[in-house]
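Input: a single structure, listed below in structure tokens.
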Amino acid sequence: MTTGTTLDDYTDRYARRTRGMTASEIRALFSVANRPEVVSLAGGSPYVAALPLDAVGAMLGTLGSVHGASSLQYGIGQGDATLRERICDVMTLSGIDVSNGASPDDVVVTVGGQQAIDLICRVFLDPGDVVLAEGPSYVGALGVFQAAEADVVHVPMDDNGLIPAALSEAIATVTRAGKRAKFLYTVPAHQNPAGVTLPDARRDEILAICQAAGLLIVEDDPYGLLGFDGENGGDGKPLPAFRARAREGVIYVSTFSKTFAPGLRVGWILAPPAVREKLVIASEAQILCPSAFAQAAVATYIDTMPWRQQLKTFREVYRERRDVALLALGDLMPAGTRWTVPSGGFYIWLTLPDGLHSKDMLPRAIAERVAYVPGTGFYADGSGGAHLRLCYSFPPPERIREGVRRLAAVIEHEMAVRSVFGVAASPSFEGTIRWAPTDQPPRRFRTADTPGPETP
Ligand code: PMP
């Protein structure tokens, strides 16, 4: 009955889009990484313990009794009207408001940012369509592009995010191939996984390039309100989003996962009216409606609790952890190791000394009780092995320092083995993608192996 070599009796019946859906060896390693003795700098979990959990718990307790008739009922596909108004209040912090046409009517509530990305792909992508995305890019979005059977073209970044000239070049390459990219997917602020932020002028430049090329921007902004310093004088006020600069040609996505609680699974999309209508129909086909209870929880949280103060608390927690991580890296990492300096969010992107490969090195790191996500997860073709992602949002500061110390020892060991034997301790790997722009044309590929949900 089976045609392959697996023990899976269903192999010949699966849809084509499942081909890349294999449990990776990285996922297996992460089951070990969740043990308490391992310092995990891998998964991107927010530090929800910084919430006033008793007060939030009491608030949740009232939902059934006060709003039971509605919060335990089905809702509408587009999402609760009150919550959509509150979402518009939140978006004003990113410069998205009535002056640029933002309205609760054009908000679609989703099951986290992840469903938002999935809906957008359902509405826009046919198999073989091209998506432009930062290189490296959010692993969860790559999984959706893969399921949509899209071709991902990565656009290189530097320490200031997506490089405008590289974007123009990527658009030209796709055009020369007789195709037209369906959209540019970008995380402009405190990017996952690179931790970098597009400065003001670059945002204008990128917007102008996209508008001239008729290229839609899908702006994914989970971390915009978690800025520590830089442009905002430490008050966390983000740079105006792409959507704040243009009311057409931009679909804005965000979530309460990083600013409140990922367990509630509430995110949203702000889209031009025609697109919004299609997104609602697609969402109804998928989930009927988002959870009424979770939506009531978020709306009540915003109405009754000091959410702006809480944002400040989160920023302070993450800034302290970022500082500890950067200090430890500076103190402990061997020469030849480089890393980005995030001005907000959760992530640092580390570049290994020449010749080392982050995926090959992972088993040894886990044996030494430290976990990270190899850079390979963030490129659609599994390149990026010269890099790895460190996430500092969850472990307490002393564990972050200990994790960096263990990682530095692992890198030093790999370097020593390499200098003695001429190869890394683990099998070597050739194809690395440069972090900075290259003189090579952007590469086209199908998505490959991506880590699992442990790496949001
Ligand atoms: N986009 C980005 C860039 C993310 O980092 C994440 C979560 N790590 C998401 C979307 C999805 O978030 P959620 O579904 O929890 O809202």
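Laboratory data are not the source of any read-out in this text; all were calculated from the coordinates shown. Just so we're clear, the structure is a prediction, and the values are computed from it rather than from any experiment. Quick reminder, even Gly has a Cβ in these numbers, built from the backbone with ideal geometry, and neighbours come from all protein chains shown.
For segment 71-83, backbone phi angles converted through the Karplus equation (6.51, -1.76, 1.60; θ = phi - 60°) give residue-by-residue couplings of 6, 9, 9, 4, x, 9, x, 6, x, 4, 5, 5, 5 Hz, Gly and Pro being listed as x. Taking the longest Cα principal axis of the chain as reference, the axis of helix 164-176 is set at about 90 degrees. Spatially close Lys pairs in the chain, defined by Cα atoms under 22 Å apart and a spacing of eight or more places or different chains, total 4. Using a cutoff of 8 angstrom between alpha carbon atoms and counting only pairs six or more residues apart, the relative contact order for the chain works out to 25 percent.
Counting every C-alpha pair in segment 54-305, the share spaced more than 30 angstrom apart comes to 25%.
Close amide H contacts of Phe183 (hydrogens built in the peptide plane, cut-off under 5 Å, sequence separation of 5 or more or a different chain): Leu132.
Relative contact order, whole percent, for segment 149-234 stands at 30, derived from Cα pairs under 8 Å and 6 or more residues apart. Backbone geometry of segment 196-205 corresponds, through the Karplus equation with coefficients 6.51, -1.76 and 1.60 at θ = phi - 60°, to 3J(HN,Hα) couplings of 9, 10, 6, x, 3, 5, 5, 4, 4, 4 Hz, x marking Gly and Pro. Here the scattering of segment 24-176 is modelled by Debye summation over its C-alpha atoms, one equal scatterer each and no solvent; at q = 0.13 Å⁻¹ the log10 of I(q)/I(0) is -1.03.
Sort 243-254, 51-62 for me by packing, meaning the mean count of neighbouring Cβ atoms within 10 Å per residue, highest on top. Numbers along the way, then the final one.
Numbers: 243-254: 21.2, 51-62: 13.2.
Taking the mean over residues of other Cβ atoms within 10 Å, the ranking is 243-254, 51-62.
Considering all different alpha carbon pairs of the chain, the Kirkwood hydrodynamic radius works out to 22.7 Å. On a 0 to 90 degree scale, rounded to 10, what angle separates helix 358-367 from the longest Cα axis of the chain? So the inclination is approximately 90 degrees. For Asp354 and Leu327, the difference between the fully extended length at 0.36 nm per residue and the C-alpha to C-alpha distance is 7.5 nm. Shown for Leu216, Leu7, Leu162: other C-beta atoms within 10 Å of each C-beta, ranked fewest to most, produce the order Leu7, Leu216, Leu162. Multiplying the residue separation of Thr175 and Arg308 by 0.36 nm and removing their Cα-Cα distance gives an extension gain of 43.4 nm. Pairwise Cα distances in segment 162-300 exceed 21 Å in 51 percent of cases.
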